[in-house]
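> Here it is, the structure, as structure tokens.
The values are calculated or read from the model by the stated rules, or taken from the named source; none is laboratory data. Computed from a predicted structure; not experimentally measured. Reconstructed Cβ throughout: ideal geometry from the backbone, glycine too, with neighbour counts over all protein chains shown.
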Amino acid sequence: DVVGLSTGCDARLDALPALVHAVRHRSRNPDLGVFVGGPPFVDHPELATAVGADATALDGRQAVTQAEELLAMRGT
């Protein structure tokens with residue numbers, strides 16, 4: 001229902017939109033939620049939208065909360 005992707009640097013952020021798209025396209029769940037995390041998104045949370053993700057998280061604890069919120073919004 002939810003996929004989380006994390007990156008440690010911004011060196012390959014240009015490849016992330018294609019990865020997010022591929023994950024959504026290959027999923028059997030049409031309501032799949034995608035969130036991203038890691039230092040690039042902590043410094044620039046607006047990048048989450050730019051790469052096609054639904055949300056971002058500052059840390060692992062917040063990632064769990066974000067995942068639960070994504071599921072709740074989708075009624076899953």
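> Can we say ASP10 is more than 18 Å from LEU71 (Cα to Cα) and without any contact (Cβ under 8 Å) to a residue 12 or more places away in the chain?
Values: more than 18 Å from LEU71 (Cα to Cα): yes; without any contact (Cβ under 8 Å) to a residue 12 or more places away in the chain: no.
So ASP10 does not fit the description; no.
> SER6: surrounded by 11 or more Cβ atoms within 10 Å (Cβ to Cβ), more than 13 Å from the chain's Cα centre (by Cα) and modelled with pLDDT of 90 or more, yes or no?
On the way: surrounded by 11 or more Cβ atoms within 10 Å (Cβ to Cβ): yes; more than 13 Å from the chain's Cα centre (by Cα): no; modelled with pLDDT of 90 or more: yes.
It is false that SER6 is surrounded by 11 or more Cβ atoms within 10 Å (Cβ to Cβ), more than 13 Å from the chain's Cα centre (by Cα) and modelled with pLDDT of 90 or more.
> If you don't mind, there's one more thing I want to ask. Which helices (runs of 4 or more DSSP H) does region 21-76 wholly contain that include 2 or more residues that are touching a helix residue (DSSP H, G or I) at 6+ places or on another chain (Cβ under 9 Å), without any contact (Cβ under 8 Å) to a residue 40 or more places away in the chain and surrounded by fewer than 11 Cβ atoms within 10 Å (Cβ to Cβ)? Walk me through how you get there before you give the answer.
Values: elements: 39-43, 47-50, 60-73.
Passing ranges: none, list empty.
> Look at region 9-57 and say how many of its residues are at pLDDT below 90, in contact with a strand residue (DSSP E or B) (Cβ under 9 Å, 6 or more places away or on another chain) and farther than 24 Å from ALA72 by Cα.
Of the residues in that region, 0 qualify.
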